[in-house]
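Chemist: There's a structure below that I have some questions on.
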Amino acid sequence: MKIKKECIAMLLAGGQGSRLGVLTKEVAKPAVPFGGKYRIIDFPLSNCVNSGIDTVGVLTQYMPLDLNAYIGNGQPWDLDRNYGGVSILPPYVHGKTGDWYKGTANAIYQNIHYIDNYDPDYVVVLSGDHIYKMDYNKMLQYHKQTDAACTIAVLNVTLEEASRFGIMNTDENNRIYEFEEKPKQPKSTKASMGIYIFTWSKLRQYLIADEADPQSENDFGKNIIPEMLGNGEVLMAYEFDDYWKDVGTVQSLWEANMELIGVDSPINLNDPSWRIYSRSPNVQPHYVAPGASLSETIVTEGAIIAGKVEHSVLFSGCKIGKGAIVRDSVIMTNAVIGEGAVVEYSIVGQGVVIGANATVGAPKEICKPGSIALIGENLTVGEGATVEPGIMVSENIPAGR
Amino acid sequence: MKNTLGIVFTYKYEEDLKTLTQLRSISSIPFGGRYRIVDFMLSSMVNSGVTKIGMITQNNYSSLMDHLGSGKEWDLSRKRDGLYIQPPFSSANSISLGANYRGRMEALANTMSFIRRSTEEYVLMTDADVICNMTFDDMLDYHIAKEADITLLYKEGSFSNESYNQFCFLATDEDGKVTDVTINPAKNRNKLCVGTLIIRKSLLESLVQECQSHNLYSFRRDVLQANLKDLKVYGYKCDEYFEPITSISSYYDTNMSLLDEKVREQLFGGDYSIYTKIRDEVPTVYRNTSEVSNSLIADGCVIEGKVENCIIFRGVHIHKNTVVSNSIIMQDTEIQSGCQINYVISDKDVVIRQNRKLFGYQKYPTVLPKSSVV
């Protein structure tokens, strides 16, 4: 006998995240490292488990190897279950044909059988692009109370920002009457967070109808939501007023990392009742050598620090050489900063080696806002080389250039 | 080493570690910022390919069981083989005195059903109170090549220190064959038998039976010393980092040796990891008032004060204007502002209130018991 699951989650993890440039050259965006020891996908996965959702389908498509290996059997998130747990759902061949996931809605459509297996009443649809802590169960209660077909989590943004988001126009009861994608003249400041709860029987019906329409782009925002609105379904906006950050760009990824540092950090990850889980690299504690100095910095196990680090995020296994200076930067897993090198206002990818006395970026104070230097995974910056601020490095840089 | 069964003795000379073993066995004493002592031997065995390991416990083993759980962190939670915790066992016809094993052979007698059921040909038997990261494959090859009955791992050096008084010492001929086994001898203390050995399982079974029927219980006295003439006992020299924890002082020194890059390289720099229970801590935060030098610091800490020559475990908070030096601060300890701490071993969950001054001495570090408030 199968146990019915009241609510399961579908996590859309197939996005390329092209705005993150070299960071997503070889990994899908949800697998991009974040905050010293996490990947972006740790946040929605941990939220699921902490909300009591123990069945999560992760839909992958773009560069899935790293993501698949990272998720594994789901054990770090307590998602290795006898029934349910985490399942990786790549596109597959059915019958004589097969399709890539054509759009977000099509990705769910292709996995109707997976969802039907658990016979859920509700399905949470998530994306793997955001940093936030949220109790989906509270949202589900709201969805049930309002008897909605679909509930969309929204965040109040400023009117200026509103034109960058999908905006929900609602009545006084938070019932959505209109959805506008990046409106030039926003009528509301309720921005969609990309978190949907659907009553499964309704969604199932709309997915099948959408698939039958050859004109459709098979996208939730463009097709499914407008279609449901048009048919008079009850769509509710669920207001969320805590920290939520889209880390889709280099600038916002840098900001979100920096926001973890301060005393007044807007997101408290050290919360025993809402832990963010991640796969542990199993390394020794970090070592701070004589002569090193650290200030307003977060550091993870395995790092070795001999230089001067200010206002930065150091991932596991990175090495900061003697006399090196790191400021306002994110140094990812196993990156090596050579002796005497200066790294400022930069994101240094996993496994990058920066030679001695090289200069990467420039002091944040003199840089144009957002001109963050970014060095892609496993590249080498030669001894004494210079990387200008705001440059995205995608190939090795020889010494002294 | 597929064909080898692991047996780990998780208890030992615990009286020498007093405060640290009040509430736990030696194997579950926190070590090196994020580990327990047992992690090193357990990981070494797993890295050698030993996939079936019996853990023999005696007293106060709840902390150890809590740490090991199902064994999944060591990849020992499996359908076939895995981790087998062997709690003390007594029955009507057992000669043991419940939880107080008089010696190794008695402990093994109580574990006999587990050993007999195992199909492995060899047994790797070891203490859990060692800091090492090695594999035992070469030792097994040596054991087989020498057609030995028992192969004992030993360390060469000078061990006149009294913290080795509980140990066996070996004398060997040029072929490596053991010619004498002495316990705490006055001289010839240069081949230290570290409590790790390989033996054929069938031989172990018959030796246990033999001891049991004669009411003998000591492995060293009643097996090694009594049968040295009849058995082919060989010594295998260990050239890797391999430090038994014997006393508060050796616990302190071994922890501090991790501040040496060469030691860290030997223990953590190779291909094999040391596994431990995952705590899912956040990264450690350094505030702008922090001043840190020559220290090993785990995740989840908040460092606002001055730290030098220290081992800091997970979740420790060191406040402003506080100086902590030459100390081992275990998980979730809080040291408030204005303190001066030198040569202190603080067990878990200790709170040191404002402006306290605590000083130990290198050979006699001050030990603060678990959950104490200073």
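Chemist: Could you give the dipole magnitude of segment A:220-368 about its Cα centre, charging the beta-carbon of Lys and Arg +1 and that of Asp and Glu -1, in debye to the nearest 20?
Modeler: Working: 10 positive and 17 negative charges, 155 e Å.
Here segment A:220-368 has a charge dipole of around 740 debye.
Chemist: A further question on this structure: For B:294-304, what's the mean count of beta carbons from other chains sitting within 10 Å of each residue's beta carbon?
Modeler: For peptide B:294-304, the averaged partner shielding equals 5.
Chemist: For a quick check, take a GNM of chain A with Cα springs below 10 Å and name the residue from A:150, A:318, A:367 with the largest mean-square fluctuation.
Modeler: Between A:150, A:318, A:367, it is A:367 that shows the largest mean-square fluctuation.
Chemist: Here is a further query. Just the isolated ones, please: cysteines in chain B lacking another cysteine beta carbon under 4.7 angstrom.
Modeler: Those would be B:132, B:211, B:238, B:301, B:310, B:339, since no other cysteine Cβ in chain B comes under 4.7 Å of theirs.
Chemist: Using label points projected 7 Å from each Cα along Cα→Cβ, tell me how many nm separate residue B:273 and residue B:138, to one decimal.
Modeler: The answer from the label model is 2.5 nm.
Chemist: At 1.4 Å probe size, put B:2, A:25, A:368 in order of accessible surface, largest to smallest.
Modeler: I get B:2, A:368, A:25, largest accessible area first.
Chemist: At a Cα cut-off below 25 Å, give the lysines reachable from residue A:368, other chains included and same-chain residues fewer than 8 away excluded.
Modeler: Here the lysines satisfying the reach criterion relative to residue A:368 are A:245, A:308.
Chemist: Right, another one. Please compute the net charge surrounding residue B:261, taking Lys and Arg as +1 and Asp and Glu as -1 over other residues with Cβ under 14 Å from its Cβ.
Modeler: +2
Chemist: Nearest 500 deg cm²/dmol is fine: what mean residue ellipticity at 222 nm does chain B get from its DSSP H runs of n ≥ 4 alone, each adding -39,500 (n - 2.57), divided by its residue count?
Modeler: On the way: 8 runs with 69 residues, N = 374.
Estimated from H runs of four or more residues: -5000 deg cm²/dmol.
Chemist: So, R0 is 45 Å and r is the distance between the beta-carbons of residue B:23 and residue A:73; what FRET efficiency does that work out to, to 0.05? Don't skip to the end; give the middle numbers.
Modeler: On the way: r = 34 Å, r/R0 = 0.76.
E(calc), rounded to 0.05, equals 0.85.
Chemist: Relative contact order, percent, of segment B:285-368 when contacts are C-alpha pairs under 8 Å separated by at least 6 residues?
Modeler: Reported as a whole number, the value is 20 percent.
Chemist: Could you state the number of Å between the C-alpha centres of segment A:274-313 and segment A:1-66?
Modeler: Between the Cα centre of segment A:1-66 and that of segment A:274-313, the gap is 25 Å.
Chemist: Determine, from the Cβ-Cβ distance of residue B:156 and residue B:205 and an R0 of 41 Å, the FRET efficiency 1/(1 + (r/R0)^6), rounded to the nearest 0.05. Could you put the intermediate results ahead of the total?
Modeler: Numbers: r = 32 Å, r/R0 = 0.77.
Using R0 = 41 Å, I get an efficiency of 0.85.
Chemist: With a 1.4 Å probe on protein heavy atoms only, work out how much accessible surface A and B bury together, total over both chains, in Å² to the nearest 100.
Modeler: Roughly 2800 Å² of accessible surface disappears when A and B pair.
Chemist: Then there is this: In Å³ and rounded to a whole number, note down the convex hull volume per residue for the Cα atoms of segment B:4-268. Provide the component values of the computation, followed by the final result.
Modeler: Working: hull volume 34.4 nm³, N = 265.
Given the Cα convex hull of segment B:4-268, per-residue volume reads 130 Å³.
Chemist: Computed FRET efficiency, Cβ-Cβ of residue A:141 and residue B:171, R0 60 Å: what is it to the nearest 0.05?
Modeler: The value I calculate is 0.20.
Chemist: Treating only the Cβ atoms of Lys and Arg (+1) and Asp and Glu (-1) as charged, compute the dipole magnitude of segment B:285-368 about its Cα centre; round to the nearest 20 debye.
Modeler: Values: 9 positive and 8 negative charges, 51 e Å.
That gives a dipole near 240 debye.
Chemist: May I pose another question? On a 24 Å Cα-Cα criterion, which of the cross-link pairs A:184/A:222; A:202/A:222; B:12/B:363; B:146/B:262; A:29/A:364 come out too long?
Modeler: From A:184/A:222; A:202/A:222; B:12/B:363; B:146/B:262; A:29/A:364, over 24 Å: B:146/B:262; A:29/A:364.
Chemist: Oh, and also: With +1 assigned to the C-beta of every Lys and Arg and -1 to the C-beta of every Asp and Glu, and no other charges, what is the dipole magnitude of segment B:127-280 about the Cα centre in debye, to the nearest 20?
Modeler: About 420 debye.
Chemist: When chain B is modelled as a GNM with alpha-carbon springs shorter than 10 Å, which of B:214, B:317, B:143 fluctuates the most?
Modeler: B:214
Chemist: Largest first and in whole Å, what are the equivalent-ellipsoid semi-axes of chain A based on the Cα gyration tensor, each being the root of 5 times an eigenvalue?
Modeler: One finds semi-axes of 40, 22, 20 Å for chain A.
Chemist: Next question. Evaluate peptide A:273-282: per residue, the Cβ atoms of other protein chains within 10 Å of its Cβ; return the mean as an integer.
Modeler: Shielding by partners across A:273-282 averages 3.
Chemist: Still on this structure: How high is the relative contact order of chain B, given as a whole-number percent (alpha carbon pairs under 8 Å, six or more residues apart)?
Modeler: 15
Chemist: For every helix of n ≥ 4 consecutive DSSP H residues, a contribution of -39,500 (n - 2.57) applies; sum these over chain A, divide by its total residues, and give [θ] at 222 nm rounded to the nearest 500 deg cm²/dmol.
Modeler: Result for chain A, helices only: -5000 deg cm²/dmol.
Chemist: A further question on this structure: Using θ = phi - 60° and the Karplus form 6.51 cos²θ - 1.76 cosθ + 1.60, what ³J(HN,Hα) does each residue of segment A:108-117 get, whole Hz, x for Gly and Pro?
Modeler: Residue by residue, segment A:108-117 yields 5, 4, 5, 10, 4, 5, 4, 5, 4, 3 Hz.
Chemist: How much net charge surrounds residue B:67 when only other residues with a Cβ under 13 Å from its Cβ are counted (Lys, Arg +1; Asp, Glu -1)?
Modeler: Around residue B:67, the charge tally is +4.
Chemist: What whole-number value in Å² describes the accessible area per residue of the protein assembly as shown for a 1.4 Å probe?
Modeler: On a per-residue basis, the protein assembly as shown sits at 40 Å².
Chemist: Residues of B:272-282, mean number of Cβ from any other protein chain within 10 Å of their own Cβ, rounded to a whole number?
Modeler: 5
Chemist: Let me ask another. Comparing A:11, A:23, A:379, which has the greatest mean-square fluctuation in the GNM of chain A with Cα pairs linked when under 10 Å apart?
Modeler: Residue with maximal mean-square fluctuation among A:11, A:23, A:379: A:379.
Chemist: Let me ask another. For residue A:66, what charge total do you get from the other residues with a beta carbon under 12 Å from its beta carbon, if Lys and Arg give +1 and Asp and Glu give -1? Provide the component values of the computation, followed by the final result.
Modeler: Values: positive: A:25, A:29, A:39, A:279; negative: A:26, A:377.
Once all neighbours under 12 Å are counted, the net charge is +2.
Chemist: Would you kindly derive the ³J(HN,Hα) couplings of segment A:93-102 from the backbone phi angles with the Karplus curve 6.51 cos²θ - 1.76 cosθ + 1.60 (θ = phi - 60°), listing them in order in whole Hz, with x for Gly and Pro?
Modeler: Taking θ as phi minus 60°, the curve returns 7, 10, x, 8, 10, x, 9, 5, 6, 7 Hz for segment A:93-102.
Chemist: Need one number: nm distance between label points at residue A:249 and residue B:77, each 7 Å from Cα along Cα→Cβ, rounded to one decimal.
Modeler: The answer from the label model is 4.3 nm.
Chemist: Placing one identical point scatterer on every Cα of the protein assembly as shown and ignoring solvent, what is log10 I(q)/I(0) from the Debye formula at q = 0.07 Å⁻¹?
Modeler: For the protein assembly as shown at q = 0.07 Å⁻¹, log10 I(q)/I(0) is -0.61.
Chemist: Find the centroid of the Cα atoms in segment B:62-80 and in segment B:231-270, then give the distance between the two in whole Å.
Modeler: The two parts, judged by their Cα centres, are 24 Å apart.
Chemist: Given an 8 Å cut-off on Cα distances and at least 6 residues of separation, report the relative contact order of segment A:9-88 as a percent.
Modeler: 35
Chemist: Further, regarding this structure: Taking a cut-off of 27 Å, what percent of all Cα-Cα pairs in segment A:223-381 are separated by more than that?
Modeler: Roughly 32 percent, once rounded to a whole number.
The values are calculated or read from the model by the stated rules, or taken from the named source; none is laboratory data. Predicted model only: the values in this text are computed from it and were never measured. Neighbour counts run over all protein chains shown; Cβ positions are idealised from the backbone, glycine included. For accessibility, only protein heavy atoms count, side chains too; no ligands or nucleic acids. Shrake-Rupley method; radii C 1.70, N 1.55, O 1.52, S 1.80 Å.
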